[in-house]
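Encoded as structure tokens, the structure appears first; notes follow it.
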Amino acid sequence: MRLVLLGPPGSGKGTQADALIKRLTAPKISTGDMLRAALKAGTKLGLEAKSYMDAGKLVPDSVVIGLVEERLGQPDTKNGFILDGFPRTTTQADALGVLLERLGKPLQKVVQLDVPSELIVERTIHRRTDKRTGQIYHLKYSAPPPNAELEHRADDREETVKQRLAQYEAMTAALLPYYQKLGLLVRVDGVGEPAEVTARVLGALGLSA
Ligand code: AMP
């Protein structure tokens with residue numbers, strides 16, 4: 001299955017992608033994770049991306065398109081992939097379309113995770129990640145175990161989240177009509193327990209849980 005997960009920051013794309021990996025036996029490709037890894041490794045690309053990420057702005061299209069192009073060339077994407085956080089602009093969506101056409105692997109579905117913006121801020125400011133496992137928790141609704149080594153993403157602070165939401169509205173929301181026109185978009189209610197949402201996503205893809 002070749003899939004894109006679309007939705008505002010904190011809509012559950014990462015959590016759902018992690019849940020779908022096993023069911024779809026396809027890797028998750030998260031440009032946010034790739035950029036954070038580059039930043040941690042101190043690469044030139046990571047340093048270039050840092051100022052945009054810290055400000056809650058989008059990293060330039062050419063940078064993320066290059067990353068995804070390279071990643072989709074790797075053999076583990078042979079049976080499909082779950083794109084999380086890419087594309088985020090119509091330029092990125094166009095580039096992805098051209099690339100997948102060239103590879104003979106067109107997208108099969110784009111899943112929109114629909115979560116009202118009032119909930120987004122609440123979700124992101126309480127989101128924590130276990131540094132060792134990458135597992136995502138919510139301090140109130142999906143409490144981490146006592147031995148977790150928790151990290152709070154720098155860009156999950158309230159002011160930055162608001163800026164990221166504004167970027168979503170300004171740049172990314174246009175991808176909903178874009179993929180609707182291509183007949184690829186399916187909308188899923190993203191409110192509820194992660195497992196419930198996963199079951200809805202699988203249902204929307206015509207798969208059993
Ligand atoms: P995420 O983890 O997907 O929320 O991404 C975290 C940050 O990485 C975003 O706020 C952007 O600064 C940057 N980023 C991730 N993916 C993209 C993308 N496709 N285009 C531009 N910037 C991105």
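Every number in this text was worked out from the coordinates using simple rules, so none of it is lab data. Note that this is a predicted model, so its numbers are computed, not measured. When we count neighbours, we look across all protein chains shown, and the Cβ atoms used for this are built from the backbone with ideal geometry, even at glycine.
What to note about this one:
- The orientation-averaged projected area of the convex hull spanned by the Cα atoms of the chain comes to 11.1 nm².
- Once the Cβ-Cβ distance of Met1 and Ser51 is raised to the sixth power relative to R0 = 25 Å, the FRET efficiency obtained is 0.10.
- In this rough spin-label picture, where each label sits 7 Å from Cα along the Cβ direction, the Ala154-Gln180 distance is 3.7 nm.
- log₁₀ of I(q)/I(0) at q = 0.15, 0.19, 0.20, 0.21 Å⁻¹ - the stretch 85-205, Debye sum with one point per alpha carbon: -0.87, -1.20, -1.25, -1.28
- The chain: antiparallel DSSP beta bridges as a percent of all, rounded to 5: 25 percent
- Per residue convex hull volume, Cα atoms of the stretch 1-44, in Å³: 93 Å³
- Extending 7 Å from Cα along the Cβ direction at Thr133 and again at Val121 yields two label points whose distance is 3.1 nm.
- Cα centroid separation, the stretch 145-209 to the stretch 85-126 (Å): 9 Å
- Extension gain, Asp189 to Asp33, is 53.8 nm, computed as 0.36 nm per intervening residue step minus the present C-alpha separation.
- For the pair Asp94 and Glu69, a Förster radius of 22 Å applied to the C-beta separation gives a FRET efficiency near 0.95, rounded to the nearest 0.05.
- Overall, the chain carries a charge dipole of about 400 debye about its Cα centre when +1 sits on the Cβ of Lys and Arg and -1 on the Cβ of Asp and Glu, all other atoms neutral.
- Relative contact order, whole percent, for the stretch 104-209 stands at 33, derived from Cα pairs under 8 Å and 6 or more residues apart.
- Exposure proxy ranking for Arg123, Arg153, Arg102, based on other Cβ atoms within 10 angstrom of each Cβ and starting from the fewest, stands as Arg102, Arg153, Arg123.
- Per residue of the chain, the DSSP helices (runs of n ≥ 4 H) give a summed -39500 (n - 2.57) that works out to -14000 deg cm²/dmol at 222 nm.
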